[in-house]
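Okay, so here's the structure we're looking at.
Nothing in this text is a laboratory measurement; each read-out follows from the coordinates by a stated rule. Values in this document were obtained by computation on a predicted structure and should not be read as measured data. No Cβ is skipped: glycine too gets one built from the backbone with ideal geometry, and neighbour counts run over all protein chains shown.
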Amino acid sequence: MNAITPRLFIAATEQNAGKTTTSLGLYAALRKDFPKIGFIKPVGQHFVDVGGHRIDEDSVLIRDTFGTEVPIEDMSPIAVEPQFTRRYINHADADSLVHRIAHSFDRAAWEKDFAIIEGTGHAGVGSVFDLSNARVARIVKSKVLLVTGAGIGRPIDEAALNKALFDQEKVEIIGVIMNKVLPDRMESIADIARRGFERLGLELLGMIPRERMLSQPTLEQICGKIHGRFLHGAEQGRKRIHKAIIGAKRSKNLLADVEPESLLIIPGDREETIAAVIERSMQSDRGPICGVVFSDGLPPSEALLALIARSRLPVISSRHDSYIIASSIHSMTVKTLPGDTEKIERIQRLVSTHVNIPRILEKIG
């Protein structure tokens, strides 16, 4: 297997800690020194169909963002579909999986100046089918950059657990990036977090501040999550939502208290409130309500549909009740999507500004 191309494995202490954010930012930053960069996510859990292949969605994101010159099936060689683990336990064939990863990495790194490998979840994810992140990092002969959440105690504790598994596989962690740190706390925790990681033999290589926009779901994402459909304004599906509120108040009181960029969740038969919101939106494109979800599968009247059609307010209908819709939105994991230009550019700026990339390259050797 290729042992020449410089490479880095992006791991994390937990799911949704920021591996893809880090991969996006590093890919963009490293292109200044490494024009041709390969990418692979050896084990993927969330996949889409691309030309008949099950491809991890993060591999699609990297390909579409950077035009990565790697066959898409090699950027995502193993997709953990619903019956994958059951079949493996019944008929384990570790050698074939290892061969598939090694072969795909060779193709991903072929004639490249650098290769980025993105892990899945924490260090132990995949152990049930003998492909923990730690073992995959050993298979592709890569050092590891570990991404943690914000704080002091919990990130350091979790880093210690993850380090133990990488140590067991004799894989070196070059350092840690702490993600989603509250901007007003970065200075106060930087020194103590750095010294805490040093006690584990780990170097703090960056602290990325939390940015509200990165955790804001789009209307498209919300519509999919609540199994809804657009009644109006689908072309505004990329609009981001700061907060979801349930329309339980009278229209006058509701509009007085609403924060900007709010999504209103309300049954379709609450016509007085809905009409007031729509009329307010027609007066100004910058009103506090920037989208409406009709709950309970209740359709609005013909007169209200006509009013909606004259407005620019996006409207979604869902069969779920208001509580389920609000809970679903609150618990969403907001993924970065292909074509999400503004968000991707923000991620790239954050990583280039707050991560010590020269030191990372120095430690890769």
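Data overview
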| quantity | calculated |
| --- | --- |
| Mean Cβ neighbour count within 10 Å, used as a protection proxy, ranking 137-143, 349-355, 5-11 highest first | 5-11, 137-143, 349-355 |
| Proximal lysines to LYS141, defined as alpha-carbon separation beneath 26 angstrom and excluding residues fewer than eight positions away on the same chain | LYS19, LYS32, LYS36, LYS41, LYS112, LYS163, LYS170, LYS363 |
| Centre separation in Å (Cα based) which lies between the stretch 161-211 and the stretch 26-80 | 26 |
| Dimensionless Rg over Rh [the stretch 212-365; C-alpha; Kirkwood] | 1.10 |
| Kirkwood Rh, angstrom, the chain [1 / mean 1/r, Cα pairs] | 22.3 |
| Charge-dipole axis of the chain as Lys and Arg at +1 and Asp and Glu at -1 on Cβ define it, positive-most pick from TYR88, GLY233, THR353 | THR353 |
| Karplus-derived 3J(HN,Hα), 6.51/-1.76/1.60, for each residue of the stretch 128-144, Hz, glycine and proline x | 4, 10, 6, 9, 4, 4, 5, 6, 4, 4, 5, 4, 8, 6, 10, 6, 10 |
| By average C-beta atoms within 10 angstrom, highest first, the peptides 72-80, 88-96 | 72-80, 88-96 |
| Peptides 273-279, 358-364 ordered by average Cβ neighbours within 10 Å, highest first | 273-279, 358-364 |
